[in-house]
1. Excluding B:ALA132 itself, what net charge comes from residues whose Cβ is under 12 Å from its Cβ, given Lys and Arg +1 and Asp and Glu -1?
2. Under a 5 Å amide H to amide H cut-off, with H placed in plane at 1.01 Å, what residues pair with B:TRP503 once short-range neighbours are removed?
3. Among B:LYS127/B:LYS168; B:LYS240/B:LYS331; B:LYS168/B:LYS264; B:LYS168/B:LYS274, which pairs are too far apart, with a Cα-Cα distance over 26 Å?
4. With just the Cα atoms of region B:62-141, tell me how far they stretch along each of the three principal axes, in Å, largest first.
5. Take the eigenvalues of the Cα gyration tensor for region B:131-178, scale each by 5, and report the square roots as semi-axes in whole Å, largest first.
6. How tilted is helix B:284-297 with respect to the longest principal axis of chain B? Cα atoms for both, answer in degrees (0 to 90, nearest 10).
7. What does the charge count near B:ILE234 come to, summing +1 for each Lys or Arg and -1 for each Asp or Glu among other residues with Cβ under 12 Å from its Cβ?
8. Could you work out Rg/(2.2 N^0.38 Å) for chain B, with Rg from alpha carbons only?
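The values are calculated or read from the model by the stated rules, or taken from the named source; none is laboratory data. Predicted model, so just to flag it, every value in this text is computed and none were measured. We place every Cβ from the backbone using ideal geometry, glycine too, and count neighbours over all the protein chains shown. Only protein heavy atoms, including side chains, enter the accessible area calculation; ligands, DNA and RNA are left aside. Shrake-Rupley method; radii C 1.70, N 1.55, O 1.52, S 1.80 Å.
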Amino acid sequence: MGPSFRVFSGNIALRHMSILSNQLIPRSAPAVLLYLALGAVAAFAAVDHLVSRFHANVQSRGRRLYAQGVADLNGGNLEAAVEDFRAALTCDPANPQYQLSLGRALRDTGHLDEAESYLLALWQRTPEDGTINLALGRVAARRGSVDDAIRYYHNAMYGIWSSDPDGSRRKARLELIDFLLQKDSLAQAQSEILALAALLPPDPTLHFEAAQLFSRAQDYADALYQYEQVLRLDRANIAAMAAAGDTAYHLGHYRTAQRYLQEAARLNPQDSHSRQLLPQANLILDSDPFVRRISDAERNRRIVAAFRGAGQRLTACAQSKGLNLSASPDMDPVLSGLEARWSDMKKQLPRLHSSIEADLPDTIMDLVFQIEQQTASDCGSPQGMDQALLLISRDREAADQ
Amino acid sequence: MSDLSTPNSTAQLDTGSSIAARAFSKLERFFGEERFFLVLSVFIGIYAGLAVVCFRLAIDWTHLALLGPVPRAHSWRLLAAPSIAGLVIAVLVIHYFPTIRGSGVNQTKAALYIFNGYIPFRTAIGKFICAALAIGTGHSLGPEDPSLQIGASLASALGHQLQLSRQKLRLIAPVGAAAGLAAAFNAPISAVLFVIEEVIGRWSAGILGSVVLSAVSSVVIVRGFLGSEPLFRIPVTTFKRPAELIAYIVLGIVGGLAAVVFAKGIGWLRPILKALPRWTQYLQPGLAGLLIGFIGYLGFPQVMSAGYNFMDQAMHGQYSWRLLAALAALKILATTLSFVSGTPGGMFAPTLFIGAMLGGAVGGIEHIFFPHLTGSTGTYVLVGMGVLFAGFLRAPLTSVFMVLEVSGNYEIIVPVIVANTFAYVVSRSLQPTAIFDLLTRQDGLILPSLEEEREESILRVEDAMLPPPAVILNSADYIDAAAQRAQASSQAIFPVRMQTTGWSTISRDLLERLMKEGKGEHTLGSLISHHPLPFLYPDLPLESALRYVNHVPLVPVVNRADSRRLEGLITRDSVFSRYQSRQSA
């Protein structure tokens, strides 16, 4: 039988005791509380030991489950990975690595709300963590939320990374750019690419990637610049050479395009795109009467050739539509009008060599361009010389604007 | 040793021991019973907290060992674990721990009101083992109510060992109960309110301090060992437009109806199973376990055990409204089976689970018809928890604070209050007796209920008092003047307002006798008794008048702002006739 106490008159007095001697028995409230405190300390130590053992055991089980989850994830079995990570988290609920992995796996399986809640819980604890911000950015991207994605990706770019900070930040920016391009936010994408390009180390692969992004963002001038950076670092980079030629061609820099395309075709004879584009660039350069450093005679020759080509294109287009423009001008007044103007202009061609008619070359080429644009609209994309004239006309318009 | 025997050292020792003795004596005087009880409450909280930590570890360990970290459908374990555990539990309950059936809330309340606060320590041991086994193997029960009973049992055992006074012994079980519940739910405010609403059954300021101290100390212990992570990852909860309250009212009504179905199911099935032959009681928990395991096996393992992690997933939009509705219905079935079979375990967690799933389902359906509703799934799930708590456990105050404490978000207080009120009203009107009172009455006990007390109208002094008499005398009045006024009145006794404060009375007979004795020029104050009469205030309970009406012919009822202003009179007849009229009504 244990000791027993009675409370009265403000004291707790001993009433009965059979094991311990009277000398050792607490007789008062302070002594009882002291005994309770000692008991609590002992119980505390025992429970602490128990909890530590339990947690060690459970955490070990959690690690096994987590490893299984990672294996499932690597094997592409996302649903199983979610279950494993969830089970691992049951074993060790406060483990941030498990939470992050579960959050990512949930995101990848489309459970965005739950993924976000796990990631936000982590974010609230370490808002500066780059990995967590990147994961949240990806959730926002999957949701299609541009503002949230930009916020979290930017947090990731300026956040703390435990390993390879520069590479991780670059990767985060690249993902953001990719997302913005998918959302057709071209202006925001361009500014991100500019920021990315400004910080690139002298690595041809990275510059090549930046150039491709500029191309996707329809910023061909910066794309060309980046390709040229690549070629400065790696002269034999065939892909950059071909891409630079292609980009220069899109920019209307046909001389530059010709140079790169020639080199690309020489270095890689299997590069059919460059081989296909090169004659077109050559044709444009050979047909354009407005290029500098050609003689007047050569310019006039090109104008006459363009004029004749346009006339043939007009006739062919009308025939393909079953029209006789001279016989029945009302059938297609636009084409008939162009045909009439072409016929009038034909009479003025001999005066092209006269220095008095200074505006005549421009007048003739204006008509040529109108014919090429109208026939392209009515009869489909042209080939060869007509395509070259059409591209020259567009470049001229762009330059005028 | 030789030094110690010198006279100087002996004197020093004497001085030292006398100082210690004086200090000890002062300390003893400091600890009156009240202060001792308060400090004891802290220790009860610590011990209860430690016990609950062990209890939770036992549940987790059992769950991990027998069901695995996350139970998966179509696993044979789901069938085997709860059914075999049920058979073991039945043997333990019938042969070793017959007092541990059910949740533990009623038993703690019964201990308070019937057994002078005594709960055998064996109850704590039995509850710990059997509830951990039941919950850990997937019976649809929660750990909160058993924790409450374990805490109460520990406290009661401690109180008895210390041979506290009977009054304190009665109070100590609720103190332990609050500690146990607070530790289990990691929510001290809700625990305190629940113990007051459901265990003590009446508001008592005397015990509040001890209950709060024990609850807080136990929560500190649990958080120290198991971390302060909330039970759920609380989602973004929003309430923007007051018009959306209609959506929550619908949730409250549906929740109230679900609570009635749940309560009626238990109330109907429990006596039937109890009335079956004794040998069937060996099989009932096992069969219940098998059926619940079968539900899990078929693809709904979420209904097994307490299910907090699944509530968490529901809160984050993991389930469709159809699945949520199915889980709510199946949980009602599973919990009813577990509970009526006599398996020890709590109703707290299952109630929250059903409410959460129901809330999510109702929110999901409402979003289909009204896509512009701004409340997230998480908001509906949280409000749903409170709704079922208010409707089923009928603890409206606790239900509101529980949601607020769990969510840490006061933005949803209005939807919570509105929905809970509707759930409570619907449940109260369709099921007049609350579930815990129903269970107690099925066991043949009648215990006080705060719910009934709330609705009981109390008679007050003003309900029985007579209007002030026409003649009120003053102690400064002369006897002859007073006698003249008395002659004009039909009163037999006259109240006398004393000079500075207080009241007295004088009878007509005494006035006449004083006149005959030629004392007409004396003042009333100089002749009548100076022992002041007791007086009452109009708002006091009528029972407070019973103390006086037998000793004095009339008791003045005075104004609280001015005790010389008479509001009325109370007599024995007026009190009894008021009680009689109420009785006949």
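1. Working: positive: B:ARG56, B:LYS127; negative: B:ASP60.
After counting each charged neighbour, the total is +1.
2. B:MET498, B:LEU533
3. Going by Cα-Cα distance, B:LYS240/B:LYS331; B:LYS168/B:LYS264; B:LYS168/B:LYS274 fall outside the 26 Å limit.
4. 49, 22, 15
5. Numbers: eigenvalues 157, 17, 5 Å².
Taking √(5λ) for each eigenvalue gives 28, 9, 5 Å, largest first.
6. The two axes meet at around 60 degrees.
7. Numbers: positive: B:ARG233; negative: B:GLU229, B:ASP312, B:GLU405, B:GLU411.
Result for the local shell: -3.
8. Numbers: Rg = 31.5 Å, N = 585, 2.2 N^0.38 = 24.8 Å.
This ratio for chain B stands at 1.27.
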